[in-house]
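Colleague: The structure's right below; bear with me while I get my questions together.
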Amino acid sequence: MRLIVTFLSIGTLIAYGYALAGLGGYLIGKGRLSYIVWGLLLGTLSAAAALFLWRKYAHEFYADD
């Protein structure tokens, strides 16, 4: 489960990066609204899923091996 939460967290960073890339494109005149929308949508969903799974399985993450 730790690996899934890690991948979701990394996916959040990547998706928000795409949103920033789309927004940054407007600074040079080649903005992509689809990058912004999809980046924010997928980043938020990925973050919510990671937080949900982390809270649900927190007792396993902190258990002594």
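Laboratory data are not the source of any read-out in this text; all were calculated from the coordinates shown. All of these numbers come straight from a predicted model, not from anything done at the bench. Glycine gets a Cβ as well: all are built from the backbone with ideal geometry, and neighbour counts include every protein chain shown.
Colleague: Pairs under 6 Å by beta carbon, first residue under 20 Å from I10 (Cβ atoms) in segment 20-46, partner in a loop (DSSP other than H, G, I, E, B), six or more apart or different chains?
Modeller: Close Cβ pairs (under 6 Å, with a partner that is in a loop (DSSP other than H, G, I, E, B)) amount to G22/R32.
Colleague: So, restricting to helices (runs of 4 or more DSSP H) that lie completely within the chain, which ones have at least 1 residues that are β-branched (V, I, T), buried (at least 16 other Cβ atoms within 10 Å of the Cβ) and within 9 Å of the chain's Cα centre (by Cα)?
Modeller: Ranges flagged: 2-25.
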